[in-house]
Amino acid sequence: MRWLSIFRLPRILRNLLMSNNTQPLPPIYGPLRRLVRSVFFLIQTRLELFGIELAEEKERLLCVLFAGLAAMMFATMGLITLTILVTAAFWETYRWQVLAIIAVLYLVGAFACMQKARFRVRQAPLIFEETLSEFDKDRTIFQKPSP
């Protein structure tokens, strides 16, 4: 319960939550203590969920980043090799035309990849969706009138 001191609670609430007294508390302090403790456990649970989702998102992004970089490296090496091969095959007859066609194909491919990346960024799922849905559930529960 050391983390409670971070929130700088009023002294009465802190004493209620952290007291080890065997004296019976006044009847109002029992429900108040349970309520405050429940609220802190609720906040702690939501923060833990947020942390888990943050770690998962970080891991997913790193995996995608490294896979993308490796794919780009291998694709670049393949395209360089293909360019040399095609240019060497047509060196005597159509060298400039072949180089121009290959350059146009590369530019079209780059444009298509850029458009796909922009689309994926815009259509990305909402980060921390589970945490936000849990907060929405909490809000609806607390907004209900008590019976």
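Values in this text are rule-based calculations from the coordinates and carry no lab data. Fair warning: this is a prediction, and the values are worked out from it, not measured in the lab. Glycine also receives a Cβ, built like all others from the backbone with ideal geometry; neighbour counts cover every protein chain displayed.
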State, in angstrom, two size descriptors of the stretch 65-107 derived from its alpha carbons: Rg to one decimal place and Dmax to the nearest whole number. 12.7, 42
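Taking neighbour counts of Cβ atoms within 10 Å as a proxy for exposure, in what order, fewest first, do 41, 135 appear? Write down the numbers at each step before the final one.
Values: 41 10, 135 14.
With the fewest neighbours first, 41, 135 line up as 41, 135.
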Rounded, prolate or oblate: which one fits the stretch 28-78, using the alpha carbon gyration tensor with axes a ≥ b ≥ c (rounded when a/c is under 1.5, else prolate when a/b beats b/c, else oblate)? prolate
So the label point goes 7 Å from the Cα of residue 127 along Cα→C-beta, right? Which residues of the stretch 45-80 then have their backbone N under 18 Å from it? 47-66
Assuming R0 = 30 Å, can you tell me the calculated FRET efficiency for the pair residue 57 and residue 35, based on Cβ-Cβ distance, to the nearest 0.05? 0.35
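Suppose R0 equals 30 Å. What FRET efficiency, 1/(1 + (r/R0)^6) with r the Cβ-Cβ distance, do residue 76 and residue 100 give to the nearest 0.05? Write out the running numbers ahead of the final one.
On the way: r = 20 Å, r/R0 = 0.66.
Efficiency computed from Cβ-Cβ geometry: 0.90.
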Starting from the 7 Å offset along Cα-to-Cβ, what nm value, one decimal, do you get for the label separation of residue 87 and residue 140? 6.2 nm
Determine the sum of side-chain charges near residue 47: Lys and Arg each +1, Asp and Glu each -1, restricted to other residues whose C-beta is under 14 angstrom from that of residue 47. -4
